Each structure stands twice: as C-alpha cells, then as structure tokens.
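The values are calculated or read from the model by the stated rules, or taken from the named source; none is laboratory data. These figures come from a predicted structure and were not determined experimentally. Backbone-built Cβ (ideal geometry, glycine too); neighbour counts: all protein chains shown. Quick note on the areas: whole protein, heavy atoms, side chains included, nothing else; ligands and nucleic acids left out. Shrake-Rupley method; radii C 1.70, N 1.55, O 1.52, S 1.80 Å.
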There are 2 protein chains.
Amino acid sequence: MKHPLTVCLLLLTFYTSAQNKNTESLVRYVNPIIGTQRMGHTFPGATVPFGMVQLSPETDTVSYELNGKYNPDVYKYCAGYQYDDKTITGFSHTHFSGTGHSDLGDFLIMPTVGELKLNPGTADKPCSGYRSAFSHANEVSQANYYKVKLDASNIVAEMTTSTRVGFHQYTFPKSNNAHIILDLMAGIYNYPDKTVWTYVKILNDSTLMGYRQTNGWARTRTLYFAMAFSKPFIQHGFKNYSKGQVYRGFWGKFNQGKNFPEIAGKQIRAYFDFKTNEGEKIKIKFALSPVSMDGALNNMKAEVPGWDFDKVKLDGQQAWEKELHKITISGSAETKKNFYTSMYHTMINPTIYMDTDGQYKGLDQNVHKADGFVNYTTFSLWDTYRALHPLFNIIQTTRNADMVKSMLAHFDQSPEHMLPVWSNSANENWCMSGYHSVAVLADAVMKSNASFDANKALDACVTTARKRDYEGIGDYIDRGFIPDERSGISVSSTLEYAYDDWSIAQLAKKLGRNDIYEEFIKRSQNYKNVYDASIGFMRPKKLDGTFRKEFDQLSTHNAGFIEGNSWNYTLFAPQDPEGLIKLMGGEKRFVRYLDSLFTMHLPDKYFAETEDITRDGIIGNYVHGNEPSHHVAYLYNWTSQPWKTQERIRMILPLMYKPTPDGLGGNDDTGQMSAWYIFSSLGFYPVAPGNDQYSIGSPAVNGAAINLENGKTFTVTVKNQGAKNVYIQKIELNGKPLTGWSISHADIMNGGSITFFMSSRHK
Amino acid sequence: MKHPLTVCLLLLTFYTSAQNKNTESLVRYVNPIIGTQRMGHTFPGATVPFGMVQLSPETDTVSYELNGKYNPDVYKYCAGYQYDDKTITGFSHTHFSGTGHSDLGDFLIMPTVGELKLNPGTADKPCSGYRSAFSHANEVSQANYYKVKLDASNIVAEMTTSTRVGFHQYTFPKSNNAHIILDLMAGIYNYPDKTVWTYVKILNDSTLMGYRQTNGWARTRTLYFAMAFSKPFIQHGFKNYSKGQVYRGFWGKFNQGKNFPEIAGKQIRAYFDFKTNEGEKIKIKFALSPVSMDGALNNMKAEVPGWDFDKVKLDGQQAWEKELHKITISGSAETKKNFYTSMYHTMINPTIYMDTDGQYKGLDQNVHKADGFVNYTTFSLWDTYRALHPLFNIIQTTRNADMVKSMLAHFDQSPEHMLPVWSNSANENWCMSGYHSVAVLADAVMKSNASFDANKALDACVTTARKRDYEGIGDYIDRGFIPDERSGISVSSTLEYAYDDWSIAQLAKKLGRNDIYEEFIKRSQNYKNVYDASIGFMRPKKLDGTFRKEFDQLSTHNAGFIEGNSWNYTLFAPQDPEGLIKLMGGEKRFVRYLDSLFTMHLPDKYFAETEDITRDGIIGNYVHGNEPSHHVAYLYNWTSQPWKTQERIRMILPLMYKPTPDGLGGNDDTGQMSAWYIFSSLGFYPVAPGNDQYSIGSPAVNGAAINLENGKTFTVTVKNQGAKNVYIQKIELNGKPLTGWSISHADIMNGGSITFFMSSRHK
C-alpha cells in the first residue's frame, strides 16, 4: 500500500489555481514541530487555516498547583506539548499557538489496550496511568496531519481536522480489551475548579455529545462537542471524580456503573470499550461548537459527513496549499522551511469562532448570528497589531475585514464598551497593555481594506481610548502621562497609548473627523512626557512631575514597563521616528543608542528577569523574543545609516528563526514573530501600522511573488543575493529607481515588481 | 387614595365572561397562606396560573449542612416560607408548591436602608444581616399579590407577577442610604457548591441581566434573568464570595470595587444604591428565561412593557378569576375558602417553561422551540396522575393536552428514552416509584382529550414500561414481581407498575393495538403476586418466591414500600377493585379491613416514621397526607356498603382541609391534595385514571357548576345538604335516576346535571 502521505503530496504537487503560477507543494516545507522545544509554545498537531479545532498531543497536563503552591512548569505547557518530554497523555482539541499564557486543552482523547486506567499517570511512571511513551522517530508532524506511535500500546495515532471537526484514526493491535478514553478533567493550565461543569449524553452505541464549562483564562466559557466513532463501542462507562456534589446520581434507580446514557458533574472521565483485530482502525470525529451540542453535531454533519480520513487530511492540506501559495518564494530549502512554517504559524490564530450556521457565543454571553461575516476569537492584539494584521491586509484581506467586524461585534457586546484587548472564546482577558485594536482598525481603513462601517469603527476607537477608568487612561488624558504611583507599567502604557492615539488620529483624518483628529494627534505626542532628557531614557514619572529616583534602565522588573526594559521601550514611538530622534538628541546620539542596543552586554541577572524568551531571543540588549522592539532595527532608515537596518535584519533573521524544534527564540505570540519573519525576509516591514508605508530592510529570499486576492501579483526580485550580500545597492520599483527607504501599500496591492540589487558592502 | 386592592376587587366583581354565569369575585376566597404552617409546604407569594415566576418571601435560607452535618430543617423550607418564623430574608422568584423535596429559590431580592449588609444574618439576630422582622398583621397574601411591611426598614414590599416576570414595588422611607440587594448565592436547599456558576452584566443605570447555574435537585440547570429598576441606581457593587476562583477579576486593569459592569463566579451578591424620599416607590421588573438572558429581556418586554404595578396585579387576578370560575360553587364562606384555595393550589404546578417566543431548554440540554404547544415542567407525577391531571381533563383540557405534549417532548429528549417520572426544569429527578406518566397519557386519550399522536404516546408508554434496567422492571417482567433483594420498595413498585400497566392496556385497546393490550393487561394482574394470603397483606417477596420473614405491616421503614405501610398499600389495585376484593377473601373481610384502617390506633412509633405529614394527616391508620390511599375511601363502592364511602369522605374533608395556615395535613404535593378536595367535595372521584368513570362520594358543596372549555356546563345540585346529611338517598343524572355508583367522563363533558338527594341516615 502506498503511504497516504505520498499520495497526498503527489496530488498537491499538481495542485494549482489561477492565481498561483508556482505549482510546487509548499505544505512539504511546513514543519509544525518548529518552536515546540523550550519557549516557542507552538504545537505540533493538526489544524486547518484559522480552524476552530487544533488537534494536538499533550505531553503533560501539569496542574496549576504543585504541593499547594503555584507550579512554574505550567508556563512550559502553554501549548500542551514540550519536545523534550518522553510521554504523551493524549490528544486534545484546542490549543493556542505561541502564547505566553495558557488555557484550552479541551476534550483529551487517549486510546489504550489492556487494563483500563482512567488516570493519566506521571511522566516518571507512565505505566501508572493511561499515558504512553513515544519517540520522535515515530512521529510525523505536518500541516493538518499528526501521527505518532504510542509505545505503551503499539497503537498508531493519526489525526487531521476540518475547521470545526477533529478527525482521529487509531490503528490498534489485536485486543479484547481496547479502550478509548475521553478525559473531561484534563486541560491546559488546570487548577482546582477550573472545570466548572461537564455534561455528557450518549445518543447511541457510537455517538455522544456534551459540553464542558471552564473558569480559565477565559473566565466564563462553555465549549460543546459531538463525538462519533466509526465502530460501535461494546460498552462504556463514566467516572465522576467531583467532590461535594450532592446531586450526582439517581438514587439507585439505575445501575449507573456501566452503560448509563448520561452524566453531569465537575470532574468526569469517560471510557469506551472495543475488541480490535490486528491493524484495525477505529476512527473518531470530534466536532466543537461555542453555541450548543446540536450545533456541534450540525458542524460534524456539515463538514465531515463521511469517514474518509485521507480526504479530510487532503482537503485540509489543500486549504493550506492555497494559503501558502499566497507568497511563493525562491530560496534554499532551509529558507523555505522557515518561511512556510512562519506562514503556517501566522494562520492558526485568530481562530474561527462560530458554527457553520453562523451562530456564535458573544462577549455578552448571548448567542448571536454573524450577519455577513465570519466571527473570530483569540486576538492577542498587543502582539499582533504590529505585523500580523498588516500582513493580513496584504494576503488575507477578506479575513482581516472579518476580524475587524468580529472586533466591532465584541465592542457592541462589551459590558465595558471597549474594543478587545485580548479576546479569548467570548471572554476578555485584558492581557497586556495598550488598546491596540484601534491600530488594527485604523490600519485596515488606511489600507482601504474596510468593508465595514469606518465611522462606527472610529467611534469604537474613541470610546475605548476615552475609557477613563481603564489602566490609567483618566490620568493619561488629564496629565499627558500615567503617573508611576497609579500603575506598575506607567511608562510602557503611556508610550503605547500615544502610538494608538496616533493611529486613531490617522483614521479620523481620513474620515474628515477633524475634532477627533486634533484631540488624538495631540495625545500621540504624549510619549515625550515620560522621556527623561537628563539620562536619555523613558522613565517612570511621578504625580508631582518628577521622575522616579530609583531606576534601572536595564531592568524589566518593577521599572514601569511590561515585557521590556527602558533601553528597548525608549525607542517606542513608531508613529514619530523623526520626533523621537530629535527628542533623544539628534541623529548622532540616536545612532549611537541603536548601535549600543545591539552590541552591549546584558548581564545575566537581567536576562533572568526577561519573560517569554530564551537567551537566544536576545542580541546584545535587543530583545527580539518579545515584541516592543520589533520595529527598532528599521529605525536606522530615519538616519543617514540605513545600511545598518539592512545589516541588523539579516543578522536577526537567521539567529532568531531556525528550522528546528528549538528554532524560535521566544513565544511565537499567535503569529506575530512569524509575521515579522515574513515581512523582513521579503525586504520590508510596517513600522507604524496605521500609515500605508513599509520600511525597507534587506530581503533574505532569493525572490518572491505575492499573489493577491485581487488577482494581481507583486514580485520581489533579488539580484546578487548571498549570505554576505546583505546591503542594498539600489532598488527599482516597477523598473524605476526607488528614492527613500519605503514603499507604499498601494505599490504592493496594485501589483508590480520590486527589485533589490544586493552587495556585500554598504554604500 | 383608594387602596389598589379595593379597586381591584371592585373591578373583579364585574368581571364576567360568556361561559360564567356567576360574576362573584372568587379571588377573594383564595388565601395562599393556607398550608404555609408546618407540613403544607405551600408559599404565600404571587403567581399567575401555571406561571414560570413564583415571587414569594423566604423566611429563611437554611443551608443543607449545619455544623458539617445534614440540617433537618431543610425539609421545613421546601417552599422557603414557614408561617411561624419571625423574619423575612427576601423575595425570590421560583418556588415549588407543596412538594416534599426542595430546590429553586432563585434570585433573592431584599430592600434595606442604612448600613449596607450583604449577609442575610440569622433569625435570632436579624440585625446582623439584611433580613427583617415582620408581622402577619402587616401581611397581605392573595392570588398574584403579596404585601408585607419590613420592620427593620419600614419598607413596604409588594409583589405581583405575569407569567414570566416578577414585579416588585418597594415603598421606602426617606433615606440617603437605600439599597436593593440581589443575592445570587441564596437558594432553597442550599449546600456548598449548589451554585455552580453565576454571571451578571450591567446594561445601564437601571438594567442588568445574568444567569445562575445550579446543581440542585435539578442536577444541571441554568436560569437566566433580566432585571429593570424604575429609577436609576446611584451606584452598584458586587461581592464575590467564591473560594478558589483563580480567574475572578481583571488583573487590576479596572477598579472593580464599585460600578464595574460585570462579574462572574460561584458565589456572588450584588447591591444597588438609591436615595429615596418618604413614601417613594422603587419598582423592579425581574424576568426569567430557561433559554438565555436575551430571552429574559424579551419576556419582560413582551409581558410587562410599562411600570403599572396595579395593572399587572389586576391582569393576573383576572387570569385567576377566569380559572377559578371554571367551577362555581355555592356553600359557606369557609367552604369557598377551602374550595377556591384548593382550586388555586391546583393551578401553580406544573409550570410554564418556555419563553414568549416558544423557545425552551429541553431535557437533552439543547434549546428547542415548542411547535404548537406550551411547554411545561414540574411534573410530580407519582402524586398528580391520581386526581390533578384528571381534574385538568375536565377544566384544563387544552393545558393538559399541552402537558402531555411536554411529556412526549421529554421522552424524545430523554437519554434513557423514558417518559418523565419527576420533571424539574429540563432535568429528571427520578423521584418516587412507578412510571405514572403512562396513566396521564392513557387518561387523556381515554377521555378524548388527545390533540397529540396517541399511537406515539402509546409507543412512549411501552418503551418506558419495558425499560428493564430501571428500578426492577426487568425482574418485574420476568417474574411478575420485584424481588425484595432487588429493591427497597419492591412491593409498592410492583403494585404501581401493575396499575400503570393496566392504563397502558386501556390505551392500547382503544387504539386497536391488541398485542400490546394482551401484554400489559396480563402485567396489570401482577399486583396479586405480592399478596401474602396467609396474613392478608401485600408483603415483600424474595427471589426464591417465599415472603420475607421479618415484616411489620404497620411500618413504612425498610418494609418494601414508599410513603405508605402495607396496611395502606395492600389496597392499591385501583384498576381492579373486584379482583382485589376476591384476593383479600371476599367482601366481608374486605369491608372489615377497610373499617379497621380508618378506626384502628396507629402507635406513635409508626407515626414518627411517616414522612411528609403531620399527625393530623392520619385518620386511624388511613394516611391521607400521603397519596397511596387517596382512592381508598371510595372502595366501599365496590361492596354492598357504599354509604361508608359517603361517610368517610365527609369525615376526611373537614379534617384534612381547613382555611388556616396549618390547614393542610400534609404536603399539598403540587396540587394533588387539593385536587382530591375539589373532586371529593363535588361528589365524585377518579379512582382509576385511565378509565372514564368517576366513583361517587358525598358532595360537600351546596351546589356547583362546572363551566367547561367546550362551552357546556355540568351542574351539581345537592338537595337537603347539611353537615350531618352526608348520606345519599338517591342521585339523578339529567333528571333520571342513576343506577350504580359512578358517572362517566362523557356525562360531565356533554353538559347536564347531577342531583344528589342527601340524608342524615344511610340507606
């Protein structure tokens, strides 16, 4: 028999569409294992682009508490899987990609044979529970396909997905005692009482449905499911581990030990028993819904009516091919692995959050029907406003407009009347600083990707930015900065608000709303109010207008910043590089500052404070593994030494992105890190989303074609490319010399070509 | 100002409808206080007929546990209110009427002035919390109206309802510090973790919505609400009493202490602050929905768009007038109080369980839309199949058919594929024995009140009755009885199954399904299999066919019965009195047995075992306060001494039903006790629902007219009525002498008249 993958890739090779001239299979370059070791927090399992289901193995389900204290290992398991682990506990259906905080891990499924064990057991004693040892040698991880052999049982586990359905295929050995366990207690970032309630109902000998309600990072969340087996189970059972549940059973009216058709409680595990022949496949379709059990069943029927695993896999991989082909590059195999795995990572979050009939749970906890858009959740906006949404404005224009509509629906449903900060499954996490939704909205309008009511969007931005009781905004409005006494992150919030305000001003200007423009363009200069010229750094300012005395510009702890020290955050005025340069004493001092950032030595004690990234995520004191400096390398373009931008970009790219399990220097942050890679390796970057300019870097690809939804193509040609040829001698845009160090959004969207002429020496 | 009640009663006096010749206000005879003392378990608050809302005061919110042990006082508070209590804790929106088990008590509201106290405090120290002393002198309890003065605050609390909306009106003293507390932790039968989750969202300064999910007697239940104030609150606050809730707040992004627009958690209380002038009224509309918060808001808009308290009250009382006028009687004021309060108590449960748009939560935990019927819940069928549903088949034909449709929907949604046993808010309690839904379905079909698919109903009955793994049914099918070893209530279950099976047989016969008729008419004789002729009692039988040795026919504890001893249960073969008499040794021995039952002395030790009733609920060893003997007094009609039925009925009526707070000798059992009263005081009773005959008793009214939905009237005339004239000399039906001791359902539904000629001496 031909291996299904071979068949699939063969087919994909001939996959073509009108807009894509390149018919090479690009899925082959995607390696979801990249980033699963150490701090990347990506997951190796199966998903389709922006799918509701992310079906992936967990290597542990560590609990929030260990011996009564916070368990620091929780952080490692944001995506449920750590490459160095030796055991798999099971396969669950929801995962964040690359976050620095955790939740999800819903509905863990594990196949076993032999004695029934309903506890996962521990990594050091895997035989004590249902978990199994595994080897990376027996593991295949592709876009929308994951396969592993479970050593404990010799079961081969394969999985693929459609948007709302996880499809499992387990190849069993011969066994009279085969089990499939559904663990409704397991979850990522588990703690006592995270699982608020669970309900399961058996419909027949091969179908069940239910829901699980959690109080996790999403405070009030219910996820519904429907589950179908390809083969009837012989018997099934539930175990209720809840403590203190008075009404758990039915007064002995039934024998509920086995084959009882329903259960409800806080801590539930279920099992399903089979007899299997050698090599027999048992398949499972597991559909999700944010709305109802019937919704989940309908999603299953609509998306995966049959039992053809290979077809579902192929359909999903073709969907990936279509998305990956939106940018075709030439370059080394290693570059392609980096590039297409980055492309892959940019298209996992945000995730679709509605049933096939358009119904979804809103932030107001009511069920809504999406009117003319696809509803999305998982907006990690502090990260993604920078490059991910700008990338979508080029290659995912329809989806980005739908994301904006989802954000406006969030605003309409918000009890606080605010745009999303960190949207998670019909909940608001309020994670990180700023109100960066406004930059996403402004960028979409400025780039004419606004199939929504732009004036309504502006109103939502203004309402959000005027929310006086949110994180120092009242003080910020009154004083032009957030006083140190009022917030632990007063400086980074002040800086980020100023940028956000500038983006609101751009939007207002475009819509002719001059009063709003005046208000917010003024606010956008507030970054200057926390600059201490006496030391040349942004610094916490007190209520009395003086700067805080005790201050260490290398520290990120209790220094007025979040995920960055003053050295990095001082450069955060992407809306006004010229003003910043002037503020910091002119070009010479500014260049010296930038040079120092990349070359200085950061003592170990400061690294220990730095969240979310490995030592590899830092170059000198430049922290690429967190986002606040993502624009920094491009700032040389505002000086007379743009060649240093080119040099830095080509230095950062290979250091921070490697096609290995530990290849990411920090959390991928739902695609922001990967979006930086894509832009930078193409040769340009959106320094200040909200304007239509991209700043020139240094392309790392040998060439590229951006195949746009409008049918046009923007071609990147790189002459004299080479590892040392990082400097740009000249640029031609549509055959004419480019003056200055930027191109516009229209230059790209109108189609055309840019040609970089590279050299090993800077001009 | 005229007191609104006066206006109301004045209007009601002139209330009339085509079918009611009697225009007297009957609401005036309803006294909801009856049964609130001791064991009646009725509630004094406001509701409309079959309303979703029962808005009533709680006199305590005792918890399930006291000092770590079960708190026996819980039982007292099945309806939340005990007449002897001195304090009120607040007013909540859902209550069972007359049950022997408890749940509900959702959404407790309490107005206070002065220092804000968010705990209820204790009855012995009312000032320690928000509760208030009150006096019955300051209390008014009417159909759909309740009023009380709260001594702690001098606030006058008034309440009324529509089907889905509770309407509060609080008249405050002058206060700069007035509060309205919404306690989302309070509930009836509270225990740790009963409240699974709570969510509240403030829409504006006078509107909020939310939900509460409970794990109570209804194991998995969510009730949604929308709440509107007639006056904006100045400020509001929440307090979260939850323990172990990791994600409760928002990381300090907001000051959530006051005026924050949302909260979620397990244990929540909310308060709303006002300034009030002397005599200022603050009104609250509080709408419920089993489906969603929006559903609750829509219910509020649809049912109570304005703020006219008096109109809502009047509308509801007119609805009661219409229902009460279905039977107009002549008799003493005391008789009318008993009669119309009984009528009132028969029309509280079952309750409407769907939104105004027809949506409801089903037993399968999905949202459904009722197609052509009104969906009901709260079916206490072990009680109500006996007389309540038969009464509905006369005076509530449309509703009873809708109740059957609700039961069939329950069947369709049941994971166990069974008709309801005890249906509670989209949950099945499985409380008590038998599968008496089948008798309700059969009775409706036999009485031609079947605007549903009767064959589908029969199939549901058969599927339910063949459910081998439910409470001994398998054994019952195989052996003709439930062995003592297999069930603690083997005898009463065997007896009740046999009756239920007979009703299925009647239904099958009517539908021409002869195979089913044969199967179930045979099963209906199974009652004989647990009769021990050697002692003359029904008795637990063992697997080996011998009777259990240790046996006390007076005991209800561990004797093979539920809520009845063998003395009472031995008479339980209502489907076959002739057969029973023969089994028990012929008429002479049977009459002696009946006589003994009513006259013997029940030693105190046995009374102590008897659940749910006071000493007053027992006559000799005849237990009227529980249901199994409700047909027993009528069994003399199958002997040559029917005058003893007449005598017993007229003895039972005044002993068991008094127009006083302690007037009910046992739990009203969602109207079954009251339905017995109504039938018996009219002179006839449905001994075996499922046939169309009513057995003659002795009328206690002076006369009556049953005003039927079909426009016809059945008149009861009583000649020579008197307290001692309890014996019937003759009966004329439509002017012709009645032979035998029964009339048929058609006799009633065709309209006409029955005339009883009474005497002080029996024939």
- Message: Given the condition buried (at least 20 other Cβ atoms within 10 Å of the Cβ), more than 30 Å from A:Ser380 (Cβ to Cβ) and more than 11 Å from every other protein chain (Cβ to nearest Cβ), answer yes or no: does some residue in region A:236-249 qualify?
- Response: yes
- Task: Scan region A:435-456 residue by residue and report those that are assigned to a helix (DSSP H, G or I) and over 13 Å from A:Ile516 (Cα atoms).
- Result: A:Ser437, A:Val438, A:Ala439, A:Val440, A:Leu441, A:Ala442, A:Asp443, A:Ala444, A:Val445, A:Met446, A:Ala454, A:Lys456
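Filtering region B:150-164 down to residues that are part of a strand (DSSP E or B) and over 20 Å from the mean Cα position of the chain (by Cα), which residue is surrounded by the fewest Cβ atoms within 10 Å (Cβ to Cβ)?
Of everything passing the filter in region B:150-164, B:Val156 is surrounded by the fewest Cβ atoms within 10 Å (Cβ to Cβ).
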- Message: So, in region B:355-368, exactly how many residues are away from chain A (no Cβ under 12 Å) and either open to solvent by 20 Å² or more (accessible area, probe 1.4 Å) or among the acidic types (Asp, Glu) (or both)?
- Response: 3
- Please verify whether region A:267-275 includes one or more residues that are within 14 Å of chain B (Cβ to nearest Cβ) and assigned to a helix (DSSP H, G or I). no
- Provide a single number: the residues in region B:436-456 that are crowded, with 23+ Cβ neighbours inside 10 Å and basic (Lys, Arg). 1
- Check off (1) out of contact with any helix residue (DSSP H, G or I) (no Cβ under 9 Å at 6 or more places or on another chain); (2) open to solvent by 10 Å² or more (accessible area, probe 1.4 Å); (3) more than 8 Å from chain B (Cβ to nearest Cβ) for A:Phe254 and give me the number that stays unchecked. (3)
- Check off (1) in a helix (DSSP H, G or I); (2) over 24 Å from A:Gln317 (Cβ atoms); (3) within 28 Å of the chain's Cα centre (by Cα) for A:Cys127 and give me the number that stays unchecked. (3)
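Output yes when any residue across region B:401-422 is among the polar types (S, T, N, Q), open to solvent by less than 10 Å² (accessible area, probe 1.4 Å), assigned to a loop (DSSP other than H, G, I, E, B) and farther than 15 Å from B:Asn449 by Cβ, and no when none is.
Of all residues in region B:401-422, those among the polar types (S, T, N, Q) come to B:406, B:413-414.
Keeping just the survivors that are open to solvent by less than 10 Å² (accessible area, probe 1.4 Å) gives B:406, B:414.
From the residues that got through so far, the ones that are assigned to a loop (DSSP other than H, G, I, E, B) too are B:414.
Of the ones still in play, those that are also farther than 15 Å from B:Asn449 by Cβ are B:414.
Yes: region B:401-422 contains one or more residues that are among the polar types (S, T, N, Q), open to solvent by less than 10 Å² (accessible area, probe 1.4 Å), assigned to a loop (DSSP other than H, G, I, E, B) and farther than 15 Å from B:Asn449 by Cβ.
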- Query: Does at least one position in region A:303-323 carry a residue that is out of contact with any helix residue (DSSP H, G or I) (no Cβ under 6 Å at 6 or more places or on another chain) and farther than 28 Å from A:Ala226 by Cα?
  - Reply: yes
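Within region A:501-520, how many residues turn out to be surrounded by fewer than 18 Cβ atoms within 10 Å (Cβ to Cβ) and outside any loop (DSSP other than H, G, I, E, B)?
Qualifying residue count, region A:501-520: 5.
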- Do we find that A:Val304 is within 14 Å of another protein chain (Cβ to nearest Cβ) and modelled with pLDDT of 95 or more in this structure? no
- Query: From the residues in region A:311-327 that are open to solvent by less than 10 Å² (accessible area, probe 1.4 Å) and among the aliphatic types (A, V, I, L, M), which one is nearest to A:Ile348 (Cα to Cα)?
  - Reply: A:Leu324
- Task: Determine which single condition B:Ser292 fails, assuming it passes every other condition in (1) over 26 Å from A:Met432 (Cα atoms); (2) at the interface with chain A (Cβ under 10 Å from one of its Cβ atoms); (3) in contact with a Lys or Arg (Cβ under 6 Å, 6 or more places away or on another chain).
- Result: (3)
- Task: Would you point out which residue out of B:Lys266, B:Lys285, B:Lys231 is among the basic types (Lys, Arg) and open to solvent by 40 Å² or more (accessible area, probe 1.4 Å)?
- Result: B:Lys231
- Scan region A:457-478 for residues that are away from chain B (no Cβ under 14 Å), open to solvent by 20 Å² or more (accessible area, probe 1.4 Å) and part of a helix (DSSP H, G or I) and report the count. 3
- Query: With (1) hydroxyl-bearing (Ser, Thr, Tyr); (2) farther than 26 Å from B:Tyr531 by Cα; (3) at pLDDT below 95 as the list, and B:Ser487 as the residue in question, which single condition is left unmet?
  - Reply: (2)
- Message: Looking at region A:626-645, can you tell me whether even one residue there is in a helix (DSSP H, G or I), among the charged types (D, E, K, R) and either without any contact (Cβ under 8 Å) to a residue 60 or more places away in the chain or out of contact with any Cys (no Cβ under 8 Å at 6 or more places or on another chain) (or both)?
- Response: yes
- Item | Count of residues meeting criterion [of a type in the set (Ser, Thr, Tyr) and in contact (Cβ under 8 Å) with a residue 40 or more places away in the chain] in region B:734-751 | 2
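Please enumerate the residues belonging to region B:216-235 that are among the polar types (S, T, N, Q), more than 9 Å from every other protein chain (Cβ to nearest Cβ) and within 37 Å of the chain's Cα centre (by Cα).
The answer is B:Thr222, B:Ser230.
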- Residue check for A:Asn259: within 12 Å of chain B (Cβ to nearest Cβ) and at pLDDT 95 or above: no
- Message: Could you tell me how many of the residues in region B:67-81 are surrounded by fewer than 19 Cβ atoms within 10 Å (Cβ to Cβ) and more than 12 Å from B:Tyr189 (Cα to Cα)?
- Response: 3
- Assess whether A:Gly488 counts as being surrounded by fewer than 18 Cβ atoms within 10 Å (Cβ to Cβ), farther than 20 Å from A:Pro686 by Cβ, of a type outside the set (A, V, I, L, M, F, W, C) and in contact with a Lys or Arg (Cβ under 7 Å, 6 or more places away or on another chain). no
